[in-house]
Structure formats: structure tokens, C-alpha cells
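Enquirer: Please read through the structure below; I'll follow up with questions.
Read-outs: derived from the displayed coordinates by stated rules, not from any lab. Every value quoted in this text rests on a predicted model; they were computed, and no experiment measured them. Cβ placement follows ideal geometry from the backbone for every residue including glycine, while neighbour counts extend to all protein chains displayed.
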Amino acid sequence: MGTAPLASAVTTALHGAILVVTIDNPPVNALGQAVRQGLAAAMQQAEADAAVSAVLLVGQGKAFIAGADIREFGQPPVPPSLPEVCAAIENCSKPVIAAIHGAALGGGLEVAMSAHYRLALPAASLGLPEVLLGLLPGSGGTQRAPRLMGVKPATELMLSGKPMNAKAALAAGLVDRLAEGTDPVAAGLAYANELLAQKAPVRRTRDIVIANPEEALAALEALKAETAKKSRGLFSPLKIIECVQAAVQQPFDAALAFERAQFVACVASPQRAGLVHAFFAEREVAKVPEAKLAAPRPFSSIAIIGGGTMGAGITVSALDAGFAVTMIERDAESIARGQKNVEKVYDGLIAKGRMTADAKAAIMARYTPSTSYDDIAQVDLVIEAVFEDLEVKKAVFRELDRVCKPGAVLATNTSYLDIEAIADATSRPQDVIGLHFFSPANIMKLLEIVVPSKVSADVVATAFELAKKLKKVPVRAGVCDGFIGNRILAVYKQAADYLMEDGASPYEIDAAVRSFGYPMGPFQVTDLAGGDIGWATRKRRAATRNPAARYVEIADRICERGWFGQKTGRGFYLYPEGARVGQPDPEVLAIVDAERQKKGVTPRSFTEEEILRRYMAAMVNEGAKVVEEGIALRPLDVDVTFMSGYGFPRHRGGPMKWADMQGLPKILADIESFAKEDPLFWEPAPLLVRLVKEGKGFDSLNKAE
Ligand code: 3HC
Ligand code: NAI
């Protein structure tokens, strides 16, 4: 038995007649150049060495192979290419076995599918997630998966991007055998020896003939129609289907070449750039200075103060993550309502057949309702979600200060209020932090972690740890009115209001924003959330509003009529008989007209492109201010906030990435031209001006971290 290092990323060792090829490229064995080179050399060695009768591919560490190295996309390719490596594996004259004990994703599964036999251990996770990065499996995945699994299931796997576990992979035909344990070498050697004893032949996936081509093509046509509707403007899903069509209709090598060409087109697309940025940005957001300075405080029990919309949603989120949760409300009636709000979520799942009554009972066993703060004296972490009123919140925090054990983390879910003032209501501001969840809190991924000046680093680290446990996407934000998300939202919402007063209808604005890739436009969102919420904020801010700033009153006129959106049956749209999709309302258009007349505005028309240019420029400009002031650590924090909490289309990578892809000079030129109409609103962010002068993009600040 000898070990020969080929490249440090791949080692080989001969176990009897079996060459064990180990991929060792932490953290996830991505297929960077060194791994590809190492695999190619290992296959040459296997072919050349007469002592080798079979080859076993395994991954070192947690993963088998998590796919191509995503960091290499967009850079000049360095040989050998992954298709070449896959061909070398598949064409090996000796049986090649892949033993999969962890992630075999994307290119990793393509390597495994090029092997002649596949074995999965219990923790294996197999999938083709390329679509989530704006790509398609580009190393034979679109050709080999349909041969192993069948055309329709393989296409569905590639379109969803979701991984499957070992058992599902066996049932789907992706693997040949399951084994127990966690050691791929031991399990793989046992399987390989068995195959050798049986004189099992080399079996090339490419030689499998796709059955019933007519039926397969019909299934693909149906998937194509469905996908065109569902994937709204996405580039790679339809390309995946075209590649599978080629697999059915063309000889293997021709279809493989077709796949490669489509893959290259996907790599070059701005959607790939946006989605890969999203992938890394979502991992970078957790890298904050406090997490490097301090370890999180241990926590296992959580109290939620307030059982309304947010309190109940946060309770569900914490229960789902396995925590013991105590909910505190004002009185018996309110706590009964709070519990009902929580149970409603689980009852909904039961009604849809997605949960059993027993599972609900097991979860609710960890839930304790109470009206006494004394019951939370020993909890580790408290999240307050009472009315948005500073005095009410201060009173709650004084109570928490009185009862909670030393070291308990005290968090507020306030949307806008001054967290410094809330912290100062206690004798322990070092323990007070903002945890801004989004509604519905059990579903929305974003969690803004708002860091006031006196909070200690370990409390910030605890908040990030909580986010991980709740499976949220955390973004660190500084204290200001609206933090990152709501502050920027207020500005681009204003741009939408100006567009409406100047001549675009709310329906045209919503349609333009949808065409960009948002699921809804701003006026639809207002109707969904309830117009009264924004109205209350506007009234609160009226006293401090700059009298010189332009103020559009149309939304106020609508709220004065009691039209708060979906919940009242009308808002900017009409919702007859509880409809969820609104219809344009001629009366709203009349209100808009009347307001224009009152202000002496002669309406002009705006194209979809003109609407978007203003809407996006307002968003990017305020985003730049938020970064410059340190409210967001980096531009990528703004990007993640908007992708995870505000419906910003992921394939565009977030507003700051989108701005970089447009070119910052173009955005600044737009802002400067709009500023001729309203210099106060369209004042360019100094950071934007500086970056343009220096010829840099926002991305230069992401890398500085
Ligand atoms: N390339 C480069 N880096 C990768 C990577 C990849 N394919 N996958 C993960 N990483 C990095 C992450 O950025 C992270 O780096 P960091 O520590 O510096 O932030 C580190 O590996 C660990 O990743 P996670 O934090 O995500 O670790 P988890 O344990 O939570 O998840 C995972 C592991 C399930 C493998 C997850 O990382 C994942 O889903 N990775 C992406 C898999 C993927 O999309 N593969 C397809 C690539 S495209 C392809 O293969 C094209 C081919 O068809 C030609
Ligand atoms: P809500 O009105 O639905 O619920 C508030 C609950 O707090 C009520 O059940 C009330 O009985 C309870 N409460 C009031 N005073 C209390 C006290 N002293 N002790 C215990 N319970 C008390 O309000 P919602 O929408 O849940 O908002 C709560 C907080 O979350 C607010 O600060 C709000 O700004 C914030 N928020 C709201 C979002 C939303 O979309 N609704 C999104 C993000 C944050």
C-alpha cells in the first residue's frame, strides 16, 4: 500500500488492487484547477498501473465534491476542463466507483455520474443546483442524469436545484447501492471488492439508451411551458430543458457539445454574475467584526414579549428551531389571542397535510404562555415585539431589567424607534440589541441585527448565532430611522410617489417594477401590508419633515377614506370579495388626478424604462449613503437585505451589484439629471460621486473587508 501525492488536492493510495483516489480541497472539495488536474492524473495512473484493477473516488472531510469552484467563473479557463475529467473517468478501462458520504453537488455529481458504479452513505446529499447560480450542469449532467434517472425526473431535479438524500437517490436510480456508516473508504472498498469478485464490467452512463423518446419529448414540452411561466425571465431553466431535448434527439457527443455551448452562454450572462454574487454575499454577511472578537453567549430558552403579528411569527420561528419559548402578553385575553395566533400557523399546515396533529402537540409542548414577567427570570434571550411606541417599549425594558437574570440578551423588534433610547431605559445597555424580523416572521429569511453603541460584542455574536439557528439570513445594521431596509425603502417609495404625481399611474409603476423581476410593485405591497401602517409613520414624521421637501399626499387621501388595502377590500387597487389580486380602481385614478391639479402638475407620460431608472437610482443613491454612514458594513449587506427581505430579484444580485453592472457613471448621470427637477431629493451620495471619480464600483468596498 503506497501513497503518491499527485497534486496536494488529490491523493492516491493503492489498497490491494483498488486505487483509492481522495479529493482533499477544503472546505468542500470544490473542483478547482488543482483538483481537476489531480483527478486527470489519477485516472492516467489507474490506466497505466497494471496493479490497479478498479478505482474508488472519495472525498476527504464533510463533502464528496460540492461542485465546480464557483470563484473561478468569469475567469479564463485553465485546463483540464471538467468535461475532460469526466470523460477520462467514464472512459477508464477499469471499473470506477464513487463512494458518496456528503455533498455531491453540481460538478461533484457529474463526476459521480461519470463513474461506473455509485454508492451512497446515509449523510449523502446529491443534487444539481447549478440553476440557482444561473447555470446548467455543464459537464455532462444534462446528458447523464436523464440516462440514469429518466428524462422527466432528471429535468425536474435540475430545474429545482434541490438536493436529494441517499434513499431518494437510490429510488431515483442515481446511485446503485446504500451503505451504513460515515467512512466512504471502508464502505467503498467493500463495494469495490464485491464488484471485482463478480467481475463486474465497466458500465458507461453515456451508453445507456434513453427509452421512449417520444414520450420524453412530450414531457419536456410540458415542462417548458410550465417553466416559462414560473421562472419569469430567468435564462438558464429553459436552456436546461433544451439540453435535455438534445440528449433525447442527438448522439451523446453532439449533445454534450451543445450542453457545453449553453453552459458557456450561461456563465457569460449577467444573471450568473448576480446569482453568484448573491451566493457569496449571503455567506459574507455573517462575517462581522464582533463575531471575530467574541464568542456567542450560550442560550436555549427564549421569551417573546407580545403575541401579535410579529410576536406570534417569531414564536413559531423559535419553536420550529427547537427552542423552549415563553410568550408574555398584557392580560389573559391577549395571551389567549397570542397563543391562537401561533396555533393558527400550525393548524394551517395540518389543513394542508404538511403537519400531523402529533407533531403540532410536540412543538406546543415547548411553548409556555404567561402574563407575568416573573416567569421569564431565567430565560437566556428575550425578544420584545409590543406596539411600536417608545414609551410602551421603554416600560417593557424596565420590567425586563428588573426580572431577567444577569447576562440575558434583551432584544427589540422595533421597526423604526431609537434602540439607543430603549437600551438606556435599562441599567444594562450592553445587553440590549435590535432584532428586526420581517413579516411573516416564520417565513421571511431576513433578520436585521441592529447594533447600538453600547452593546457588547458577545451579544452581537449571540444574535448572529440565533439567526443561524433560526435559519435566517442576518445582516448587521447600525441605528438610524429605518435601519438599512426600511430607510432605503422610504426613499424609493418616495420616488414612486413623485412618479405617480408627475404622470405615471400606480398601475404603470407596479407593472414596470414587476417587469424588473419583483413579484409585486410598491403599491401592491402597500395594499398587502396595510396602508394604515405607512400612514401612521407619515403622521409621526410630519412634525420633523423638512418643509422644503416635496410631499405627495395621494396615499393620505386614500387612507382618509379607510381604504387600507386588501384587508379593507380596497386601497390603491380594488379587491372585490376578498380577491388577493387587485383590480385597477378608476376612483383612485380620479384622486390622483385631483391631487395633480391641486399642485398644478401637468401630467406627463413615463415609459417603463424611465420609471425604473428613477426607482432604481433612488434606491442605489440611498444605499450608497447607508454604506457611507456605516449603517451597512458593505454594499453587499445592502444587497442581501433587499434580496432576502424586500423581493429584489436575486438574479440581479441586489441593488448595489446591479448598479455596478450598469456602470456607476450611468447611475450618477441619471441622478444628476433628475436633480435639475428636485435638487433636494436627488442629491447624489458623496460615496457614489467619489467612486465614479476613482473609476471604481461598489464591489471594491466589499473586497476591502
Ligand atoms: N466553490 C467555491 N467555494 C464554495 C463552493 C463552491 N462550489 N461551495 C461552498 N463554497 C465555500 C463557501 O463560500 C464557504 O466559504 P467561506 O467559508 O469562505 O464563506 C465555504 O465553502 C463553506 O460553505 P457553506 O458556508 O455554504 O457551508 P455549508 O456546510 O453550510 O454548505 C454546501 C455546504 C451544501 C456544499 C454549500 O456550500 C453549497 O451549496 N455550495 C454550493 C454548491 C453548488 O452550487 N455547486 C454547483 C456549482 S456549479 C457547477 O458545479 C457547475 C458544473 O456543472 C460545471
Ligand atoms: P401587533 O399590534 O400585532 O402586536 C403587538 C402586541 O403587543 C399585541 O398583541 C399587544 O397586546 C402586545 N402588547 C402591547 N403592550 C404590551 C406589553 N406591555 N406587554 C406585553 N404585550 C404587550 O403589532 P406587530 O405588527 O406585531 O408589531 C410589533 C412590533 O414589531 C412593533 O415594534 C413593530 O414595529 C415591529 N415590526 C412589525 C412588522 C410588521 O410587518 N407588522 C415588521 C417588523 C417589525
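Enquirer: From the backbone phi of the stretch 433-439, what are the Karplus-calculated ³J(HN,Hα) couplings (6.51 cos²θ - 1.76 cosθ + 1.60, θ = phi - 60°) in whole Hz, Gly and Pro given as x?
Expert: 9, x, 10, 9, 7, 10, 8
Enquirer: Return the inverse of the average 1/r over all pairs of distinct C-alpha atoms in the chain, which is the Kirkwood hydrodynamic radius, in Å to one decimal. Please report the intermediate quantities before stating the final value.
Expert: Values: mean 1/r = 0.0354 Å⁻¹.
Answer for the chain: a Kirkwood hydrodynamic radius of 28.3 Å.
Enquirer: Here is a further query. Tell me, what ³J(HN,Hα) does each residue in the stretch 142-157 have, in order and in whole Hz, if you take phi through Karplus 6.51 cos²θ - 1.76 cosθ + 1.60 with θ = phi - 60° and put x for Gly and Pro?
Expert: Whole-Hz 3J(HN,Hα) from phi for the stretch 142-157: 6, 9, 7, 4, x, 6, 7, 10, x, 5, 5, x, 5, 5, 5, 4.
Enquirer: Below 8 Å between Cα atoms, with a sequence gap of 6+, how large is the relative contact order for the stretch 3-267 in percent?
Expert: Here the relative contact order equals 17 percent.
Enquirer: Taking θ as phi - 60°, what are the ³J(HN,Hα) couplings along the stretch 218-233 by the Karplus curve (6.51, -1.76, 1.60), each to the nearest whole Hz, with x for Gly and Pro?
Expert: 5, 4, 5, 4, 5, 5, 5, 5, 4, 5, 4, 6, 7, 8, 4, x
Enquirer: First obtain the Kirkwood hydrodynamic radius of the stretch 3-267 from its Cα pairs, then insert it into the Stokes-Einstein equation at 20 °C and 1.002 mPa s, and state the resulting D in µm² per second as a whole number.
Expert: Once the numbers are plugged in, D ends up at 118 µm²/s.
Enquirer: Counting only DSSP beta bridges with both residues in the stretch 1-78, tell me the antiparallel percent, nearest 5.
Expert: Counting DSSP beta bridges with both partners in the stretch 1-78, the antiparallel share is about 60 percent.
Enquirer: Antiparallel as a % of all DSSP beta bridges within the chain, to the nearest 5?
Expert: Given both bridge residues lie in the chain, the antiparallel proportion sits at roughly 30 percent.
Enquirer: Using only helices, what value at 222 nm comes out for the chain when you add -39,500 (n - 2.57) per DSSP H run of length 4 or more and divide by the total residues, to the nearest 500 deg cm²/dmol?
Expert: -15500 deg cm²/dmol
Enquirer: Okay, next question. Could you give me the percent of Cα pairs per 10 Å distance bin for the stretch 299-477, shortest bin first, beginning at zero and ending with the bin that holds the maximum distance?
Expert: 10, 42, 37, 10, 1
Enquirer: Roughly what % antiparallel, to the nearest 5, for the DSSP beta bridges in the stretch 370-489?
Expert: Percentage antiparallel, nearest 5: 25.
Enquirer: What order do you get for 260-267, 104-111, 275-282, 71-78 when each peptide is scored by the mean count of other beta carbon atoms within 10 Å, highest first?
Expert: In decreasing order of mean packing, 260-267, 104-111, 275-282, 71-78 become 104-111, 275-282, 260-267, 71-78.
Enquirer: Just in the stretch 333-367: which trypsin sites (Lys or Arg not before Pro) are loop by DSSP and have at most 12 other Cβ atoms within 10 Å?
Expert: Passing sites in the stretch 333-367 are K352, R354.
Enquirer: Related question: What residues have an amide H closer than 5 Å to that of A68, excluding those fewer than 5 places away on the same chain, when H is modeled at 1.01 Å from N in the peptide plane?
Expert: L31, G107, G108
Enquirer: Please rank T155, T607, T22, fewest neighbouring Cβ atoms within 10 Å first, as an exposure proxy.
Expert: Values: T155 27, T607 11, T22 21.
So the ranking, lowest neighbour count to highest, is T607, T22, T155.
Enquirer: Using the beta-carbon distance between A295 and R402 and R0 = 41 Å, what value does 1/(1 + (r/R0)^6) give for FRET efficiency, to the nearest 0.05?
Expert: Details: r = 28 Å, r/R0 = 0.68.
Given R0 = 41 Å and the Cβ-Cβ separation, E is 0.90.
Enquirer: Checking the table K666/K696; K292/K625; K394/K539; K493/K625; K167/K472 against a 18 Å threshold on Cα-Cα, which pairs fail? Let's see the in-between values first.
Expert: Numbers: K666/K696 13 Å; K292/K625 26 Å; K394/K539 21 Å; K493/K625 16 Å; K167/K472 28 Å.
Violating the 18 Å Cα-Cα cut-off are K292/K625; K394/K539; K167/K472.
Enquirer: Still on this model: Kirkwood hydrodynamic radius for the stretch 252-310: how many Å is it when counted over pairs of different Cα atoms?
Expert: 16.6 Å
Enquirer: Right, another one. If contacts are Cα pairs under 8 angstrom and at least 6 residues apart, what is the relative contact order of the chain in percent?
Expert: Relative contact order of the chain: 9 percent.
Enquirer: I would also like to ask the following. Using amide H atoms built in the peptide plane, which far-off residues or other-chain residues are under 5 Å from I305 H to H?
Expert: I328, I383, E384, A385
Enquirer: If I model a spin label as a point 7 Å beyond the Cα along the Cα-Cβ vector, how far apart are those points for K693 and K287 in nm?
Expert: Going from the K693 label point to the K287 one covers 2.9 nm.
Enquirer: Oh, and also: At most 12 other Cβ atoms within 10 Å and a DSSP loop assignment: could you name the chymotrypsin sites (Phe, Trp or Tyr not before Pro) in the stretch 578-656 that fit? Intermediate results must be reported in sequence, preceding the final value.
Expert: On the way: sites: F606, Y615, F642, Y646; in loops: F606, Y646.
Loop-located and lightly packed - none at all.
Enquirer: Of the cross-linked pairs K360/K454; K468/K657; K344/K468; K468/K693; K230/K445, which ones have a Cα-Cα span greater than 30 Å in the structure shown?
Expert: Checking Cα-Cα distances, K360/K454; K468/K693 exceed 30 Å.
Enquirer: Let me ask something else. Computed over the Cα atoms of the stretch 488-702, what is the ratio Rg over Rh, Rh following Kirkwood?
Expert: When Rh is taken as the Kirkwood radius, the ratio is 0.97.
Enquirer: Also: What ranking do H116, H15 get, fewest neighbouring Cβ atoms within 10 angstrom at the top?
Expert: H15, H116
Enquirer: Let me ask something else about it. Which whole-number percentage describes the relative contact order of the stretch 487-578, with Cα contacts under 8 Å and a sequence gap of 6 or more?
Expert: The normalised contact order for the stretch 487-578 reaches 24 percent.
Enquirer: Under 5 Å between amide H atoms, partner at least 5 residues away or on a different chain: which partners does V10 have, H built in plane at 1.01 Å?
Expert: Those lying under 5 Å, H to H, from V10 are D24.
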